[in-house]
Ligand SMILES: [Fe+2]
């Protein structure tokens, strides 16, 4: 219009360098996606068999995320072109999509520059909606991308196998006229349509699933009732009930009302003792006041005890939250023990800190120190129950712990298909040995609780929030 009126054409605000890069990304997106996936695979191979290194895990996820987003931007541009026709050039649609991305990310995470990856402490409705939309897209688009890539690889493998088979047949017998017709004919339109419909369905399913995990499963608390068989349980403790809550992570997506509901559920289970295994806040130290106020509603005749998680260490609130809990009658066990008595008989409950992940050598030193402290806290010839955020010392022959209660991994990264197959769990894929449920080693028991809150994405799929209630029984 400006040109037709003889006015100078307005300058595009985005410089030519950015446009050139974008044009190349749009042109070579397949190659970029492949390269990113190869790097992500390399990072995953380095990770495999070790405990999760957060930086490497983040790198692998970032690379897959980048690959998936380039893929999806391409698809959105295709869709825009299909809907708007050729009137709007691909480049402008691509720029619009990239700008929308940048807006959501900078709006959602202005604290990135302050060193926090995610600080979901924005309780305003618009903030919550943008966070929710961002994470829904993040999880849905990543899963759909992985599915499409897998489907694409399988499709190509089938086509390659058919091609080899046809060539082999031709080599062994002369080609007839009908064979030639079949081999010359382009892939049937029916098959092509079927593949397209399957791809569309496959792409849509993860988005629907992510929506379900965001809106429903994230808050769908499951009460898990378990029996803990302990060989040397004193008779007086037969039938003693311990409730376990972990990974509360107060945040806009596990707010005070939701946690209050979990407190009410826990109290209704009439436990004799309540155990808390850390991660009371998500990323905001200010949330410690609210979460303690809500958890102060927990009631059990033998008391409420807990330990520190990594989020208390990372937000540097271990001392302050311990004092806050104490002022409400909840005792955090920090390299400490408390004997629980029934008549003349005793069960020893121990708690220890998770510690802060600074450097591996530092963590190793801290763990060695913790191990020595725990050895001094164990009571001989007594049932020892350890509350610890992640079970670093499970099965350690130097420690005589009967039952370890822990959390930390949210059922395996909050996304799990291990009801379908045990290996379909993010944490297990990364080689983490203890993810959810029961584990046993040389007679020692470990239970990994899935937690009730979320960190990172506020979505749970196949890993419902969990409140566990154990009935202690004698036996092996
Ligand atoms: Fe956690």
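By how many nm would the segment from residue 396 to residue 170 lengthen if fully extended, with 0.36 nm per residue of separation less the alpha-carbon distance? Show your work: numbers first, answer last.
Working: separation 226, 0.36 × 226 = 81.36 nm, distance 6.33 nm.
Working it through step by step, the gained length comes to 75.0 nm.
Going by how many other Cβ atoms sit within 10 Å of their own, how do 202, 142 line up, fewest first? Don't skip to the end; give the middle numbers.
Values: 202 15, 142 21.
Listed from fewest to most nearby Cβ atoms, that is 202, 142.
Taking only the Cα atoms of the range 353-476, how large is their convex hull per residue, in Å³?
On the way: hull volume 16.0 nm³, N = 124.
It comes to 129 Å³ per residue, whole-number rounded.
Quick check: pseudo-label points 7 Å beyond the Cα along Cα→Cβ at residue 319 and residue 123, how many nm apart are they?
My value for the distance between the label points is 2.6 nm.
Cut-off 13 Å, label point 7 angstrom out along Cα-to-Cβ of residue 375: give me the residues of the range 382-407 whose amide nitrogen falls inside.
Flagged as within label range: 396-400.
How would you rank 280, 212, 165, going from fewest to most other Cβ atoms within 10 Å of each one's own Cβ?
Lowest count first: 165, 212, 280.
What is the calculated FRET efficiency for residue 198 to residue 382, with r their C-beta to C-beta distance and R₀ = 56 Å, to the nearest 0.05?
E(calc), rounded to 0.05, equals 0.40.
Kirkwood hydrodynamic radius, the range 310-386, all distinct C-alpha pairs: what's the number in Å? List each step's numbers first, then the result.
Working: mean 1/r = 0.0716 Å⁻¹.
Mean inverse Cα-Cα distance, inverted, gives 14.0 Å.
Please give the contour-minus-distance gain from residue 424 to residue 99: 0.36 nm per residue of separation, less the Cα-Cα distance, rounded to one decimal in nm.
Working: separation 325, 0.36 × 325 = 117.00 nm, distance 3.47 nm.
Taking 0.36 nm per residue and subtracting the Cα distance, the gain is 113.5 nm.
With the crude spin-label approximation of a point 7 Å out along Cα→Cβ, what separation in nm comes out for residue 255 versus residue 361?
For the pair residue 255/residue 361, the computed spacing is 4.7 nm.
What list do you get for 447, 216 if you sort them by fewest beta carbons within 10 Å? Intermediate results must be reported in sequence, preceding the final value.
Details: 447 23, 216 11.
The order, fewest Cβ neighbours first, is 216, 447.
Can you give the FRET efficiency for residue 66 and residue 269, using 1/(1 + (r/R0)^6), R0 = 35 Å, r = Cβ-Cβ distance, to the nearest 0.05? Kindly include the intermediate steps, with their values, before the conclusion.
Details: r = 45 Å, r/R0 = 1.28.
The pair residue 66/residue 269 has a calculated efficiency of 0.20.
For residue 474 and residue 223, what is the calculated FRET efficiency with R₀ set at 30 Å and r taken between the beta-carbons, to the nearest 0.05? If you can, show how the numbers build up before the last one.
Details: r = 24 Å, r/R0 = 0.79.
Step by step, r from the Cβ atoms, then E = 0.80.
Bear in mind these aren't lab numbers, they're just calculated from the coordinates by the rules spelled out. Since the model is a prediction, treat every value here as computed from it, not as a measurement. Positions of Cβ are generated from backbone atoms using ideal geometry, with glycine treated the same way; all protein chains shown enter the neighbour counts.
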